[in-house]
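Okay, handing you the structure first.
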Amino acid sequence: MNQEQIRVAQVENDGLSDETTVLTGRVSCVFTYFGRPGTKYRIYMGAYSGYGTPPKTADTATGRNVDVGDTVMDRCPPIAPVQVSVPAPSEATRGLLDAMVIEPQVLQRPGNGTTTPLFGVVPDQLSLPLSRYQKSDHIAELPPCWAGPSLDKPGEWELLPTVYFRPFRLESFVGGNVKSIRVVRHLPYLTESQIRDYVRRVWLGVVRDVYSSIPWSEANSWIIEVAVEHTDWKSTGFLTDGVHVQIEDRLGKYWFTRISPSDH
């Protein structure tokens, strides 16, 4: 008999944390986990979405041993691979890009309270607030027999450190109906033509995975910041150098990815 993998996570008021993995015995399929008294734990039978067995909750409020009982391991049916072709950009998308607004750049001069056009000032990159690098300490609680991430259900995967998708265009990641694309900051040596080309390349580029922190080892400099406004008045946006992207999703979380060139 093979060993089975069991995952145990601590239940907190605002989510799950401190996930650990234990293995059952090879013969008895019994496992023992030593937790802290007065703590609740969620126990998942099997590795992530490979099982349809619902999780169990164990409460150690009494400070005594807790028997979670017997469980029948229910394996999920295999998921057939799906070939996905990325559709060509719509006329609405092309219209948004054609109507893109590039805002004038100004620089706050320290000490005198005046503003000056950013022309002639060449920083290495646009500043990136440190808060955008903060990662959640909580872990995702995936549905049983999870078929994988869907752009329509970001709440299922927003706590994952890495999410692998079937290929899609970056414009799909922000979700919702977009009403405007505005370049709110850019390095001053970029021409209007270059800025439009960079934004178009990124917006129509193909994405396959996103990360909650920077995954690449090569250096990069953010040179353009874009604000995206939606018809429901929500806002998202992204920073880019034309290849690397930091993008905000509709739930306000920041992700990092590389863009593959589009054929369109």
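The values are calculated or read from the model by the stated rules, or taken from the named source; none is laboratory data. Note that the coordinates shown come from a computational prediction; the quantities given were computed from them, not determined experimentally. For neighbour counting, all protein chains shown are included, and Cβ atoms are generated from backbone atoms with ideal geometry for every residue, glycine included. Remember, those area values only see protein heavy atoms, side chains included, never the ligands or the DNA or RNA. Shrake-Rupley method; radii C 1.70, N 1.55, O 1.52, S 1.80 Å.
Do any residues in region 236-250 that are of a type in the set (Ser, Thr, Tyr) have Cβ atoms under 6 Å from those of residues that are open to solvent by 10 Å² or more (accessible area, probe 1.4 Å) and assigned to a strand (DSSP E or B), where the two are at least six apart or on different chains, and which pairs are they?
Going by the 6 Å Cβ cut-off, the qualifying pairs are THR236/GLU248.
ALA227 fails exactly one of the following numbered conditions: (1) at pLDDT below 90; (2) within 26 Å of PRO149 (Cα to Cα). What is the number of that condition?
Evaluating ALA227 over (1) at pLDDT below 90; (2) within 26 Å of PRO149 (Cα to Cα) leaves (1) as the failure.
While we're looking at this one, here's another question. Residues of region 226-243 being in contact with a Ser or Thr (Cβ under 8 Å, 6 or more places away or on another chain) and open to solvent by 10 Å² or more (accessible area, probe 1.4 Å), which ones?
Answer for region 226-243, where residues must be in contact with a Ser or Thr (Cβ under 8 Å, 6 or more places away or on another chain) and open to solvent by 10 Å² or more (accessible area, probe 1.4 Å): ALA227, GLU229, ASP241.
In this structure, is TYR164 at pLDDT below 90, among the hydroxyl-bearing types (Ser, Thr, Tyr) and under 27 Å from SER85 (Cα atoms)?
No.
Taking region 244-257 as the search range and keeping residues that are in a strand (DSSP E or B) and open to solvent by 20 Å² or more (accessible area, probe 1.4 Å), which one is nearest to VAL163 (Cα to Cα)?
TYR254
Is it true that ALA58 is of a type in the set (A, V, I, L, M), part of a strand (DSSP E or B) and without any contact (Cβ under 8 Å) to a residue 60 or more places away in the chain?
yes
Working only within region 158-174, note down all residues that are among the acidic types (Asp, Glu) and under 15 Å from LEU142 (Cα atoms).
GLU158, the sole residue that qualifies.
Restricting attention to region 47-83, which residues are within 26 Å of the chain's Cα centre (by Cα) and loosely packed, with under 10 Cβ neighbours inside 10 Å?
Across region 47-83, the qualifying residues are PRO78, ALA80, PRO81, VAL82, GLN83.
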